[in-house]
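In what follows, a single structure is set out as C-alpha cells and then discussed.
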C-alpha cells in the first residue's frame, strides 16, 4: 500500500516505502491509529448508514426505488473517503471486512451501463449530468472513488473495485478527453486520482486527462461553468494555473489542485508547472499559514484571505485543508527530497490535523480556531461530513509518510516514531531500521541498522533543533537544523545511530503585519504547539489578561483529564484594568496578580470541560 506511488515516476527524487513495510509501536501515533481502526472507522460506517449515504447507492441501483436522495449532493464522496481509509486498514483489521464488502457491493451495483457513477444524478436528474461543473462536485466525487478503489486494490490485490474505477475513468475520458469537451471540476480532486490510476494501470490516457484538466483552468471564456455564490477566484479558475502565483480561494480546493499539479510534474517534468508550484508554496508559507500549520482564514468561502490576514478567533482552518497541505507537501517532498516539505508535513500533522479529532476517536472539528470562548466543541458528525473520513484515511495511510528511498542508494527518514521499517535498496539489498524513541515528547532517537553494504542514511533535522547531535559509534556527523543529515558509510549489522534533538521551550513571534498578534507569543516544545485553557488557569479572570515571561524555567507535568500527555508549567502574572466602558481616554490598573500557568498541547484542547482557549499569549 503506497500513499503515492512514485516508484517509476521519472521526475521523482524519492521512491515510496509501502505502509505495510512500516510497523509503528510508539505511544503517540499507534494508539491513535488503533482508535482509528476500532472506534473511528466503525462509528463512521454507522453514520454513513444512518444518514442514508449508502441508501443513495441502493436507490441508484434500483434496490430501494422507494427512497428519495438523502443529504448533500456530494454525499457519495464521504462514502468513498471512508472506503479508502477502511481499505488501507484491512490487512490490520479483519473486522472491517464485512463493512467494506457491503460498501463495495452497493457501489458497484449503482454504476450505470456507460460507466457513470454518481447517486445524485439519477432518474429525474440524469439529464443534468456534467452541466454544472463549477458547483455540483461530480468529478470531485469520482476522484475520491478512484482513490478508494486504488487503495482497495493495493491492500487486497483484488481488481473488483479497480475495474469499476477504470470504467468510470474511461467514461470521464470519453466526455472530457482530447476528443471530447474541455472541462474541469470546481472542486479539484480528480487530478490526483487520475495520475495515481495511471501509475497503477500504466494507461497514459489518465495522465493526459489530468494534465488537460489542469490546463483548462483559467480559460477564456471559462469552461468551469455553472451558477453558484462565488467568483472564479474561489475555485482557482481566474488565471491559468501557470500564472497562479499565490494560494487563493477555497483552501481545500487549492491544496488538492496543487497536489494534482505536482503529480503531473512528477510524471512529465513540466518546469512551468514547477515554477508555479514553488511560487504558490512560498506565498502560502510566508504570508498565509497559521502558526499551527492551519490554512484558510475566512468563514466566507472556507477561503484563504489576503497576505497576513490571519485572525485567531475567526480562523476557519478547516481540518480538510490541513490534510490537503500534508498531501501536497508529501508530493513536493517526493519531487525534491528537501527537508522544508517534510518539516511542514510534521508541523501540520501535530498541530493542524490532530486537533480535528477527539482523543476518543469519534468526535470532530470542522474548523480549528486559535482562540475560543469555550463554545466551539467537536461533533460526532456533520451534514457536510468531509473532514471525519479525511482524518480517518490519513491516519490509516500514515506509516507510508515516514520513509523513502532514493535511486542513489539513500534511505530517508522524514518522521520519527518508535517501530521498524523493512525495505530494499535499489541494489536489492534488504535493510531494516529499528527505531527507539519517545518522540515527540523526547528528543533522543536511536536507530539500529540491520543490513550490510554502502548506502546513505538521511535523517531530517527539524528546523527548531538548534544544537542537535548525531553519532554512529564514536563518529560525529553534522546535524544542521532544517536539512537532512547524511550518513554515508559501509554499514554493518547492528550499527547504531544516535540522534539527539534538544527539546527546549521556545517562543514564536508573528510578523508585525498580523496586528492581532503584536505583543503576543506562541509557545512550542519540540514540534508541539501549546495553548492555555481556562480549566487549568483559574487564577486569571480572563486569559487575555495574562502576561507571560518566556525566559523562565518550564517543567513538564501531567494535568487532570489528559493522561500521558505532557503539559508545560511555569508562572505568569496578570493585570486587570479599570472600567467597563468600551472607549476611554485612560485606564488605571485595578488589580494585579500572579499564578501557576499551565499550557497543554493545542491538539488536545476541548477534550475536557468547555472553557476559554488561547494560543497567542500576551508577553
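The values are calculated or read from the model by the stated rules, or taken from the named source; none is laboratory data. Quick caveat, the model's predicted, so the values are computed rather than measured. Here Cβ is always computed from backbone atoms with ideal geometry, including for glycine, and neighbour counts include all displayed protein chains.
Quick rundown of the values:
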item: Subset of the range 240-257 [part of a helix (DSSP H, G or I) and touching a residue at least 40 places away in the same chain (Cβ under 8 Å)]; result: 251, 252, 253, 254, 255, 256, 257
item: Count of the range 377-419 residues which are closer than 22 Å to residue 34 by Cα and not in a loop (DSSP other than H, G, I, E, B); result: 18
item: Wholly within the range 520-591, strands (runs of 3 or more DSSP E) carrying at least 1 residues that are exposed (fewer than 13 other Cβ atoms within 10 Å of the Cβ) and outside the structural domain of residue 371 (by TED's automatic domain parsing); result: 555-559, 562-577
item: Residue match in the range 503-521 (condition: touching a residue at least 12 places away in the same chain (Cβ under 8 Å), within 23 Å of residue 14 (Cα to Cα) and within 28 Å of the chain's Cα centre (by Cα)); result: no
item: Some residue of the range 254-267 being over 16 Å from residue 341 (Cα atoms), touching a strand residue (DSSP E or B) at 6+ places or on another chain (Cβ under 9 Å) and at pLDDT 95 or above; result: yes
item: Qualifying residue in the range 463-477 (condition: assigned to a loop (DSSP other than H, G, I, E, B), free of Cβ contacts under 8 Å to residues at least 40 places away in the same chain, outside the structural domain of residue 603 (by TED's automatic domain parsing) and under 24 Å from the mean Cα position of the chain (by Cα)); result: yes
item: Failed item in (1) part of a helix (DSSP H, G or I); (2) without any contact (Cβ under 8 Å) to a residue 12 or more places away in the chain, with residue 428 passing the rest; result: (1)
item: Hits in the range 525-565 - residues which are within 24 Å of residue 464 (Cβ to Cβ) and touching a helix residue (DSSP H, G or I) at 6+ places or on another chain (Cβ under 8 Å); result: 527, 528, 529, 530, 531, 532, 559, 562, 565
item: Output for the range 365-399, where each listed residue is crowded, with 19+ Cβ neighbours inside 10 Å, more than 13 Å from the chain's Cα centre (by Cα) and more than 27 Å from residue 72 (Cα to Cα); result: 370, 371, 372, 399
item: Helices (runs of 4 or more DSSP H) wholly inside the range 1-108 that include at least 3 residues being over 23 Å from the mean Cα position of the chain (by Cα) and over 24 Å from residue 399 (Cβ atoms); result: 41-50, 53-61
item: Residues located in the range 592-619, provided they are part of a strand (DSSP E or B) and exposed (fewer than 14 other Cβ atoms within 10 Å of the Cβ); result: 592, 593, 594, 596
item: Among (1) closer than 18 Å to residue 613 by Cα; (2) touching a strand residue (DSSP E or B) at 6+ places or on another chain (Cβ under 9 Å), the one test that residue 302 misses; result: (1)
item: Residue within the range 339-359 that is surrounded by 24 or more Cβ atoms within 10 Å (Cβ to Cβ), more than 21 Å from residue 401 (Cβ to Cβ) and either outside the structural domain of residue 78 (by TED's automatic domain parsing) or out of contact with any helix residue (DSSP H, G or I) (no Cβ under 6 Å at 6 or more places or on another chain) (or both) present; result: no
item: Unmet criterion (only one of (1) in contact (Cβ under 8 Å) with a residue 40 or more places away in the chain; (2) touching a helix residue (DSSP H, G or I) at 6+ places or on another chain (Cβ under 9 Å); (3) surrounded by fewer than 19 Cβ atoms within 10 Å (Cβ to Cβ)) for residue 267; result: (3)
item: Any hit, the range 406-425, residues being surrounded by fewer than 15 Cβ atoms within 10 Å (Cβ to Cβ) and touching a residue at least 60 places away in the same chain (Cβ under 8 Å); result: yes
item: Matching residues, the range 304-325, being over 14 Å from residue 249 (Cβ atoms) and in a loop (DSSP other than H, G, I, E, B); result: 307, 308, 310, 311, 312, 313, 314, 315, 317
item: Residue in the range 118-129 that is surrounded by 17 or more Cβ atoms within 10 Å (Cβ to Cβ), out of contact with any helix residue (DSSP H, G or I) (no Cβ under 6 Å at 6 or more places or on another chain), more than 26 Å from residue 252 (Cβ to Cβ) and at pLDDT 95 or above present; result: no
item: Complete set of residues in the range 304-319 that are buried (at least 20 other Cβ atoms within 10 Å of the Cβ), more than 18 Å from residue 376 (Cα to Cα) and touching a helix residue (DSSP H, G or I) at 6+ places or on another chain (Cβ under 6 Å); result: 304
item: Count - residues of the range 286-303 that are outside any loop (DSSP other than H, G, I, E, B) and surrounded by fewer than 16 Cβ atoms within 10 Å (Cβ to Cβ); result: 2
